[in-house]
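First the structure, in the form of structure tokens, and then the observations on it.
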Amino acid sequence: MAWRTPRLAIDGIELAAPTDGELRGIADPRDDAEEFVVDLRTGRHEGGFSFPDQ
């Protein structure tokens, strides 16, 4: 395993096809959806659900 992201969603994600080394998606698409993007080289991410302990 090269990397692991912190938890990005409470219950379910919707993923788009990876492009330009990034994976984009929507966290919890049935509720208050939060978009996120993950760099597939490093595992760094932006967006997703904000958990209080992260």
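Quick note: the coordinates plus some simple rules give every number you see, no bench work behind them. Nothing here was measured: the structure is a model prediction, and the numbers come from that model. With ideal geometry, Cβ positions are generated from the backbone for all residues, glycine too; neighbour counts draw on all protein chains shown.
Structure data summary
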quantity	calculated
The stretch 1-48: number of residues that are in contact with a strand residue (DSSP E or B) (Cβ under 7 Å, 6 or more places away or on another chain) and on the phi < 0 side of the Ramachandran plot	24
Residue list for the stretch 1-43, restricted to those being loosely packed, with under 11 Cβ neighbours inside 10 Å, free of Cβ contacts under 8 Å to residues at least 12 places away in the same chain and in a loop (DSSP other than H, G, I, E, B)	MET1, ALA17, ASP20, ASP32
Those residues of the stretch 45-54 which are among the charged types (D, E, K, R) and either assigned to a strand (DSSP E or B) or touching a Ser or Thr at 6+ places or on another chain (Cβ under 8 Å) (or both), in sequence order	GLU46
Count - residues of the stretch 1-38 that are under 12 Å from PHE49 (Cα atoms) and among the basic types (Lys, Arg)	1
GLY48 vs. criteria small (Gly, Ala, Ser) and more than 9 Å from the chain's Cα centre (by Cα)	no
